[in-house]
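Structure record follows, encoded as C-alpha cells.
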Amino acid sequence: MTRVITVGAAQLGPIQRAEDRTSVMVRMLALMAKARGRGVELIVFPELALTTFFPRMLMEDQAEVDAWFESEMPNAATQPLFDAAREYAMGFHLGYAELVEKGGVTHRYNTAILVDKTGNIAAKYRKIHLPGHAEFDPDRKFQHLEKRYFEVGDLGWPVWRTFGGVLGMAICNDRRWPESYRVMGLQGVEMVLIGYNTPMVNSQSDESPHLRMFHNHISMQAGAYQNASWVIGVAKAGREDGNDLMGGSVIIAPTGEIVAQCRSLGDELIIADCDLDACNFAKSTIFDFAAHRRVEHYGLITERTGAVPPPEESAPDESAPKA
Ligand code: ING
C-alpha cells in the first residue's frame, strides 16, 4: 500500500496590522475549499498565519502585545478551520502566537499545531530558534523583536505518527539550523512542516532579495536531502504595512528537489502528491544514520554554543636573535 499524502502548501499574502482574524479566516477557508477540490489531505498554512508579523513593532504595553496572541485553540475566530477540517477530512498545519498559563505563570510562544482529518489537534511545536533581538535596535532598518515577545520553545522537536507516516514541525528561523532537521531525522521523520514570515530584505545589510531567496531554499533543501525527508515550507508573503515579506513557498522531496513552488506574493495554493516511501532509499543507504554517523566525534555540537576559534598565532618574538 503506497503511503502518498496529497499536500497543499497554502501561502498567504500580506495581513495588514488593521486586518482582523475574521478577514484572514475567509482567505484561509477559501484556500481550504480550493484544496478540497484538488483532493488535498493536508494543507499547510504559514507561521503566525492569523495576524500581521507583529514582531516588527516595538510595543511596551503588555495588553497591546497580548492582543496578537491566542489564549485558546481552537477559539471563536479559528473554529471554522477545525469545522472545515472535519467536513473535508483535511488536516491542517497552523502557525500562531500562543499565550498559555502554566502553574499560574503566563508563557508566550511562537507556535504551530497539526490538526488531523477529524479536526483534533494531533501535534504542537513551539519555535526554538528565535531570531532578532529583545530591545529596540536603532541600527536596524526595521525591528525583529521575536526575542522580546516569545519564549524559547519548551517541547523540543518531537515527531508524530500521523497521516500514514512520521511528521514533524519547525518554524521559520529553525529552518536555517541543521540541528532542527537532524533531531527529527534521528526520530525517522518523513515530512517536516515549516511556516515562515521572512523579510525580503536584511535589516542590517544590503543583501539582495535573490540572495535571501537562495538562502531560504538552500536551507530547506539541505534539511530535506540530509535527512531524507519531505519539507513543506510555506510563507506569509507580500507587503505588510510597507514591510516586504518574501514568498517562495515550496514542496521539497527527500532528494532535496523542489517539486512545487509558489510564484506570487499572495494567497496561493501549490499541491504535490508526496510519497512517503520516497524517503526509504536514502534512509537505508547514504543517510542510514546507524551505519554511517560517528557520534563519538560530534561532541562539540552539543557541548559548545558559540564558535571558539584557535588562539591567534603568537607574533614572532622580535627580541629573539635572527636566524
Ligand atoms: N524570520 C526570519 C527567518 O529566519 C531571519 C528572520 C531572516 C533571520 C534572515 C536571519 C536571516 O526567516 C523569522 N520569523 O524567523
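If Ile301 satisfies every condition in (1) free of Cβ contacts under 8 Å to residues at least 24 places away in the same chain; (2) over 30 Å from Gly13 (Cβ atoms); (3) not polar (S, T, N, Q) but one, which is the exception?
It is condition (1) that Ile301 fails.
Against the conditions (1) of a type outside the set (Ser, Thr, Tyr); (2) more than 13 Å from the ligand (Cβ to nearest atom); (3) assigned to a strand (DSSP E or B); (4) over 25 Å from His292 (Cβ atoms), where does Leu167 fall short? Just the number, please.
(4)
Just the residues that are surrounded by 18 or more Cβ atoms within 10 Å (Cβ to Cβ), touching a strand residue (DSSP E or B) at 6+ places or on another chain (Cβ under 8 Å) and not acidic (Asp, Glu), please, taken from the range 177-196.
Selection gives Ser180, Tyr181, Met184, Val189, Met191, Val192, Leu193, Ile194, Gly195, Tyr196.
Within the range 106-132, which residues are out of contact with any Phe, Trp or Tyr (no Cβ under 7 Å at 6 or more places or on another chain), of a type in the set (Val, Ile, Thr) and away from the ligand (no atom under 16 Å from the Cβ)?
Thr106, Ile113, Thr118, Ile121
Going by the conditions given, is Gly238 closer than 30 Å to Met57 by Cβ and away from the ligand (no atom under 16 Å from the Cβ)? If you could, list the steps in order and put the result at the bottom.
Numbers: closer than 30 Å to Met57 by Cβ: yes; away from the ligand (no atom under 16 Å from the Cβ): no.
Taking the combined requirement at face value, the residue does not satisfy it.
Residues that are more than 29 Å from Ser284 (Cα to Cα) and either aromatic (Phe, Trp, Tyr) or within 16 Å of the ligand (Cβ to nearest atom) (or both): does the range 179-190 have at least one? It would help to see each step written out before you state the result.
The initial filter retains those residues of the range 179-190 that are more than 29 Å from Ser284 (Cα to Cα), namely none.
Taking every residue of the range 179-190 in turn, none turns out to be more than 29 Å from Ser284 (Cα to Cα) and either aromatic (Phe, Trp, Tyr) or within 16 Å of the ligand (Cβ to nearest atom) (or both).
Run down Glu179, Glu190 and say which single residue is closer than 21 Å to Ala122 by Cα, among the charged types (D, E, K, R) and modelled with pLDDT of 95 or more. Give the derivation first.
On the way: Glu179 fails: closer than 21 Å to Ala122 by Cα.
That would be Glu190, the only listed residue that is closer than 21 Å to Ala122 by Cα, among the charged types (D, E, K, R) and modelled with pLDDT of 95 or more.
Restricting to the range 239-287, count the residues that are part of a strand (DSSP E or B) and of a type outside the set (A, V, I, L, M, F, W, C).
Residues that pass the stated criteria total 8.
Identify the single condition in (1) loosely packed, with under 15 Cβ neighbours inside 10 Å; (2) within 22 Å of Phe214 (Cβ to Cβ); (3) among the hydrophobic types (A, V, I, L, M, F, W, C) that Ala307 does not satisfy, given that it satisfies every other one.
With respect to (1) loosely packed, with under 15 Cβ neighbours inside 10 Å; (2) within 22 Å of Phe214 (Cβ to Cβ); (3) among the hydrophobic types (A, V, I, L, M, F, W, C), Ala307 is out only on (2).
So, restricting to strands (runs of 3 or more DSSP E) that lie completely within the range 1-105, which ones have at least 3 residues that are within 16 Å of the ligand (Cβ to nearest atom) and within 19 Å of the chain's Cα centre (by Cα)? Before the answer, list the steps.
Numbers: elements: 4-11, 42-44, 91-102.
Correct list: 91-102.
Identify the residue in the range 197-227 that is crowded, with 20+ Cβ neighbours inside 10 Å and more than 11 Å from the ligand (Cβ to nearest atom) and, among all such residues, is nearest to Arg140 (Cα to Cα).
Of everything passing the filter in the range 197-227, Gly223 is nearest to Arg140 (Cα to Cα).
In the range 140-164, which residue that is of a type in the set (A, V, I, L, M, F, W, C) and within 16 Å of the ligand (Cβ to nearest atom) is nearest to Asp288 (Cα to Cα)? Outline the logic, then answer.
Within the range 140-164, the first condition is being of a type in the set (A, V, I, L, M, F, W, C), and the residues that meet it are 142, 145, 150, 152, 155, 157, 159-160, 163.
Right, trim to within 16 Å of the ligand (Cβ to nearest atom) and you get 142, 145, 150, 152, 157.
On the way: Phe142: 43, Leu145: 39, Phe150: 36, Val152: 31, Trp157: 20 Å.
Among them, the one singled out is Trp157.
Quick grid of which residues meet (1) farther than 28 Å from Ala260 by Cα; (2) surrounded by 18 or more Cβ atoms within 10 Å (Cβ to Cβ); (3) at pLDDT below 95:
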| site | (1), (2), (3) |
| --- | --- |
| Met1 | no, no, yes |
| Met28 | no, yes, no |
| Leu31 | no, yes, no |
| Ala76 | yes, no, no |
| Ala89 | no, no, no |
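Test Gly238 against the stated conditions and say whether it is out of contact with any strand residue (DSSP E or B) (no Cβ under 8 Å at 6 or more places or on another chain) and either of a type in the set (Ser, Thr, Tyr) or surrounded by 17 or more Cβ atoms within 10 Å (Cβ to Cβ) (or both). First the steps, then the outcome.
Working: out of contact with any strand residue (DSSP E or B) (no Cβ under 8 Å at 6 or more places or on another chain): no; either of a type in the set (Ser, Thr, Tyr) or surrounded by 17 or more Cβ atoms within 10 Å (Cβ to Cβ) (or both): yes.
So Gly238 does not fit the description; no.
From the list Gly132, Gly104, exactly one residue is at positive phi and out of contact with any Leu (no Cβ under 9 Å at 6 or more places or on another chain). Which is it? Lay out the reasoning, then the answer.
Numbers: Gly132 fails: out of contact with any Leu (no Cβ under 9 Å at 6 or more places or on another chain).
Only one candidate passes the filter, namely Gly104.
For Trp230, all conditions in the list (1) more than 13 Å from Glu190 (Cβ to Cβ); (2) crowded, with 18+ Cβ neighbours inside 10 Å hold save one; what is the number of the exception?
(1)
Give the number of residues within the range 46-74 that are more than 17 Å from Val24 (Cα to Cα) and surrounded by 22 or more Cβ atoms within 10 Å (Cβ to Cβ).
Pass one, the range 46-74, residues more than 17 Å from Val24 (Cα to Cα): 55-66, 71-72.
From what is left, the residues that are surrounded by 22 or more Cβ atoms within 10 Å (Cβ to Cβ) are 55.
Counting residues in the range 46-74 that are more than 17 Å from Val24 (Cα to Cα) and surrounded by 22 or more Cβ atoms within 10 Å (Cβ to Cβ) gives 1.
Tell me which residues, restricted to the range 190-244, are at positive phi and in contact (Cβ under 8 Å) with a residue 40 or more places away in the chain. Write out each step before concluding.
Start the filter on the range 190-244 by keeping residues that are at positive phi, which leaves 228, 238, 241-242.
Selection gives Ala228, Gly238, Asp241.
The values are calculated or read from the model by the stated rules, or taken from the named source; none is laboratory data. Quick caveat, the model's predicted, so the values are computed rather than measured. We place every Cβ from the backbone using ideal geometry, glycine too, and count neighbours over all the protein chains shown.
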